[in-house]
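Engineer: Would you mind keeping the following structure in view while I ask a few things?
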Amino acid sequence: MPIVIDPKICREGCTICDYFCPGDIIYRISPKESPVVKYQDECWYCGICADNCPVDAITIVFPENMVNCQTDVRTLMGLPAQNVSRS
Amino acid sequence: MASLATNLEAQKEPIHVLETDVVIVGGGVAGCLAALGTTEVGARVVICDKCGLLERAGSVGGGTDHFTAVLEEGPEWDTPEYLMSYMPALLEGVADIEAVERLVQGLKPMVHLLEKLGVDFHDPENPDIPYYRHRAFGMPGAYTINFDGTNFKHIIGRSARRAGAKVLERTMVSDLLMVEGRPRGAVAFHIRTGDVYVILGQAVVIATGDANRLGKNASGHAFDSWHFPYNAGEGRAMALRAGARLANMEFVDSTLSPKGYSTQGLNAFVGGGAHFINALGERFMFKYHPDAERGRRSDIINGFITETREGRGPIYCDCTHLPEDEIRRLVNTLGVDRPALPDFFAQKKIDLTKEPFEVCVTEIASVRGGQPFRGSGVHIDKDACSSTPGIFAGGDCSTTSSGIAGATVMGHIAGMNAAHFALSQPKAKPLTSNEKDQIREMLYRPLRLREGISFHAFEDQVRSIVTDYVGYRREEIRMREGLKMLRTLRSQEDRIKAEDYHGVMRVNEARSIRINAEALAVSAIERKETRDGAAHLRLDYPKTDNENELRIIMVEQIGGELRAISRPTGLNPTPPPKKDIS
Ligand SMILES: Cc1cc2nc3c(=O)[nH]c(=O)nc-3n(C[C@H](O)[C@H](O)[C@H](O)COP(=O)(O)OP(=O)(O)OC[C@H]3O[C@@H](n4cnc5c(N)ncnc54)[C@H](O)[C@@H]3O)c2cc1C
Ligand code: SF4
Ligand code: SF4
């Protein structure tokens with residue numbers, strides 16, 4: 001889960017993250033329930049939601065393949081992968 | 001399971017018809033200034049954006065920190081004429097120079113207009129100077145204004161709203177309405193409720209930004225992109241369908257980024273004094289540009305690619321030689337453009353003072369081939385008019401652009417000229433109810449499909465083809481193979497399925513991504529040379545060919561197929577005598 005919203009901290013009635021998220025990822029349907037991260041795999045990891053949350057209820061958690069990326073960079077340039085991972 | 005017919009019956013999304021003069025597609029930087037331009041002329045305007053709030057919509061909704069401008073404050077370099085004397089050399093002889101000149105002339109008045117709207121161009125670290133300016137890499141003067149642009153987008157969005165623009169948020173434009181080769185408005189829908197909008201107007205401004213999600217990245221998350229992943233080149237796709245031309249599509253953009261996270265930050269690192277080193281521990285960038293890390297971005301990418309291809313990767317970014325204070329300052333500024341970047345380093349547990357970190361080239365994007373002032377996309381003239389009368393464009397979807405500065409100036413010009421055009425035309429005719437029903441049916445077909453493929457699966461195929469066949473390993477045979485595959489993929493477009501209205505938005509984006517990729521391939525095949533470092537890197541034509549290739553390559557859609565045409569630029573790319581632009 002890339003975006004973690006702490007329901008204990010989230011402020012009732014606030015909709016900032018829902019409106020500010022540029023990707024339509026976060027939905028606050030009801031003012032009483034905390035927002036839902038509806039399309040996690042479409043997140044930009046911009047941090048705009050966390051940055052603008054008035055009570056710091058949002059944490060950005062980078063998934064393993066971002067933090068500890070093992071992709072062979074050569075494959076991003078149309079070159080064949082090397083057998084040994086270089087990272 | 002409900003039959004197709006009952007599904008259709010059950011879902012009769014309401015259709016709202018709006019009448020206006022100018023429809024603006026995209027409410028980012030260019031779109032907001034276009035709205036202001038339109039209202040100044042006295043025309044009515046509707047502006048649509050997919051984002052939730054106009055004041056936050058687009059690439060710089062999270063904030064911005066620099067604006068490039070000529071201000072005529074006194075120094076020799078600070079005039080439009082001086083900058084223009086370098087322009088053919090800066091743009092390597094490939095640009096629409098009249099349009100570029102219009103942009104450059106418009107910078108100073110734009111700074112003043114933005115100040116009137118409430119933008120404060122003071123640098124927080126240098127509050128006593130009206131404009132804190134520095135020289136960006138490769139530029140012949142200190143044109144870059146550093147400022148705290150946290151509220152920049154908020155201010156221009158609010159101004160557009162206050163000027164009387166009708167704003168439709170969370171509303172995606174799916175296509176333009178055309179009649180006898182002229183715009184009649186646009187079709188849009190609400191990405192949450194599904195309400196359909198038929199917006200009738202006599203002129204259109206396309207301001208949909210750049211095209212992303214085009215190539216593979218290191219993390220494998222499609223939306224982990226250096227630029228704004230929700231700009232998928234839709235305006236360019238609409239322009240092609242409406243008969244307008246694209247240009248400069250062969251040039252691609254990318255940057256170097258911490259491996260696994262495609263993000264802004266390169267400028268901050270190299271500006272702060274970081275070095276790139278290869279697996280042998282060599283500081284190698286001097287081989288690719290005399291200013292090494294401070295060279296043009298496309299040369300830096302070229303250096304990265306060549307070192308990796310020749311077996312000297314991985315490549316690292318090294319800050320360990322910098323004073324601790326400088327590193328701390330650096331880390332603090334990283335969050336300005338990308339608030340989550342400091343979190344990334346924290347989660348990676350990287351201490352910049354102690355160890356270098358691995359960097360990686362980001363995915364391929366289509367913005368402006370790493371150049372200021374020249375863009376890729378809808379081909380516009382100095383009046384921001386496309387090759388189809390009534391369709392105007394501004395910002396990163398178009399061929400004359402340059403960050404927020406270019407988007408404001410050309411967006412504003414597009415808005416004003418669209419207004420003049422619209423007011424000179426008879427009002428757009430209303431649609432029959434039959435036509436409206438057809439529009440809804442076409443729009444929501446992906447929702448009514450019982451079987452199909454996901455937009456993710458479709459896009460992954462495009463990204464693989466772009467990366468493997470037309471990305472950084474450009475050779476005639478491979479590119480032709482890639483182009484064939486991209487054309488074959490078109491037949492799958494009708495099978496991309498959506499689960500909800502948000503998903504319909506992604507289906508439309510996926511289709512635009514494919515056509516942007518096709519335009520890229522067609523243009524890259526046509527340009528038989530290497531130009532602008534990694535922006536157009538051909539293995540079979542490794543040299544720049546100023547004899548034959550000083551031309552603008554354009555793409556148009558004829559009978560469903562894209563084809564390239566070109567015209568000479570007539571520019572001389574040699575720098576003016578005795579002036580050093582490196
Ligand atoms: C994080 C980041 C930081 C940057 N910092 C700077 C900086 O400091 N200085 C600088 O000069 N440049 C900066 N840039 C570049 C700058 O943001 C762009 O050059 C500029 O925003 C281009 O303006 P635009 O209007 O063309 O695109 P955008 O501002 O991105 O606007 C495009 C808009 O169109 C909307 N849209 C797209 N398709 C549709 C559709 N089909 N229907 C409805 N709406 C649609 C999008 O939602 C978006 O809001 C930065 C870019 C990024 C990503
Ligand atoms: S990080 Fe950005 S894209 Fe992701 S949920 Fe937050 S605001 Fe939306
Ligand atoms: S911005 Fe913070 S407080 Fe507001 S809804 Fe989102 S999580 Fe809750």
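Engineer: Per-residue ellipticity at 222 nm for chain B, helices alone: DSSP H runs ≥ 4 residues times -39500 (n - 2.57), over residue total, nearest 500 deg cm²/dmol?
Structural biologist: Here the helix-only value at 222 nm equals -11000 deg cm²/dmol.
Engineer: Provide the FRET efficiency to the nearest 0.05 for the B:Arg551-B:Arg309 pair, computing r from the beta carbons and using R0 = 22 Å.
Structural biologist: Here the calculated transfer efficiency is 0.15.
Engineer: Let me ask you something else. By the gyration tensor of its Cα atoms, with a ≥ b ≥ c the square roots of the eigenvalues, what is the shape of the range B:30-181: rounded for a/c under 1.5, prolate for a/b over b/c, or oblate? Write out the running numbers ahead of the final one.
Structural biologist: Values: a/c = 2.12, a/b = 1.40, b/c = 1.51.
Cα axes put the range B:30-181 in the oblate bin.
Engineer: Give the peptides B:460-470, B:428-438, B:375-385 in descending order of average Cβ contacts within 10 Å, highest first.
Structural biologist: Details: B:460-470: 22.5, B:428-438: 12.9, B:375-385: 26.8.
So the order, starting with the most tightly packed, is B:375-385, B:460-470, B:428-438.
Engineer: Quantify how strongly other chains surround peptide B:258-265 by giving the mean number of their Cβ atoms within 10 Å of each of its Cβ atoms. Write down the numbers at each step before the final one.
Structural biologist: Working: counts 3, 7, 11, 5, 3, 4, 1, 0.
Mean shielding count: 4.
Engineer: Mind putting together the pair-distance distribution for the protein assembly as shown? All Cα pairs, 10 Å bins, whole percent per bin, short to long.
Structural biologist: Taking every Cα pair in the protein assembly as shown, the percentages come to 3, 16, 28, 29, 18, 5, 1, 0.
Engineer: Report the label-to-label distance for B:Arg135 and A:Asp56 in nanometres (one decimal), using points 7 Å from each Cα along the Cα→Cβ vector.
Structural biologist: 4.2
Engineer: Using the Cα centre as the reference, give the magnitude of the dipole from point charges on the C-beta atoms of the protein assembly as shown (Lys, Arg: +1; Asp, Glu: -1; all else neutral), rounded to the nearest 20 debye. Present the calculation step by step, with values, prior to reporting the outcome.
Structural biologist: Working: 77 positive and 88 negative charges, 282 e Å.
Dipole size: approximately 1360 debye.
Engineer: While we're on this one: Determine the alpha carbon to alpha carbon distance for each of B:Lys259/B:Lys543; B:Lys216/B:Lys354; B:Lys153/B:Lys349; B:Lys429/B:Lys497; B:Lys108/B:Lys153 and list only those over 23 Å.
Structural biologist: B:Lys259/B:Lys543; B:Lys216/B:Lys354; B:Lys153/B:Lys349; B:Lys429/B:Lys497
Engineer: Using a Förster distance of 35 angstrom, determine the FRET efficiency expected from the C-beta separation of B:Arg567 and B:Asp148, and round it to 0.05.
Structural biologist: Once the sixth-power term is evaluated, E becomes 0.25.
Engineer: To continue, here is another question. So what does the Cα-only Debye profile of the range B:256-361 read at q = 0.15, 0.24 Å⁻¹, as log10 I(q)/I(0), no solvent term?
Structural biologist: Relative scattering, expressed as log10 I(q)/I(0), comes to -0.57, -1.47.
Engineer: Per 0.36 nm of contour for each residue apart, how much would the distance between B:Glu19 and B:Asn126 grow if the chain were fully extended, relative to their Cα-Cα spacing?
Structural biologist: Gain on extension, B:Glu19 to B:Asn126, equals 33.7 nm.
Engineer: What is the ratio of the Cα radius of gyration of the range B:182-292 to 2.2 N^0.38 Å, with N the residue count, to two decimals?
Structural biologist: 1.53
Engineer: Within 10 Å, count the other beta carbons around each residue, average over each peptide in A:70-78, B:251-259, and list them highest first.
Structural biologist: Working: A:70-78: 19.6, B:251-259: 26.4.
In descending order of packing, they fall as B:251-259, A:70-78.
Engineer: Now, a different point. Within a 10 angstrom radius of each residue's Cβ in B:468-474, how many Cβ atoms of other chains show up on average? Whole number is fine.
Structural biologist: Averaged over the peptide's residues, the number is 3.
Engineer: Can you give the local net charge around A:Ala50? Use residues other than it whose beta-carbon is closer than 9 angstrom to its beta-carbon, Lys and Arg +1, Asp and Glu -1.
Structural biologist: In short, -3.
Engineer: Sticking with the crude label model, points 7 Å out along Cα→Cβ, report the distance from A:Val4 to B:Lys12 in nm, one decimal please.
Structural biologist: Label-label distance for A:Val4 and B:Lys12, simple model: 4.9 nm.
Engineer: Of the peptides B:24-32, A:18-26, how do they stack up when ordered by the mean number of other Cβ atoms within 10 Å, highest first?
Structural biologist: By packing density, highest mean first, the sequence is B:24-32, A:18-26.
Engineer: Here's something else I'd like to know. Efficiency by 1/(1 + (r/R0)^6): what FRET value for B:Ile350 and B:Arg283, r their Cβ-Cβ distance, R0 = 22 Å, to the nearest 0.05?
Structural biologist: Result of the calculation: an efficiency of 0.65.
Engineer: Normalise the Cα radius of gyration of the range A:3-76 by 2.2 N^0.38 Å (N = residues in it) and let me know the number. Please report the intermediate quantities before stating the final value.
Structural biologist: Details: Rg = 14.2 Å, N = 74, 2.2 N^0.38 = 11.3 Å.
In units of the 2.2 N^0.38 Å rule of thumb, it is 1.26.
Engineer: What average count of beta carbons from other chains do you get within 10 Å of the Cβ of residues in A:42-55?
Structural biologist: Mean inter-chain Cβ contacts per residue within 10 Å come to 6.
Engineer: Rounded to the nearest whole Å³, what is the per residue volume of the convex hull around the Cα atoms of chain B? Each step should come with its number before you reach the end.
Structural biologist: Values: hull volume 86.2 nm³, N = 582.
Hull volume over Cα atoms, normalised by residue count, gives 148 Å³.
None of the figures in this text is laboratory data; all of them are computed from the coordinates on show. On a predicted model such as this, the values are computed, not experimentally measured, just so you know. Using ideal geometry, Cβ is built from the backbone for each residue, glycine included, and neighbour counts are taken over all protein chains shown.
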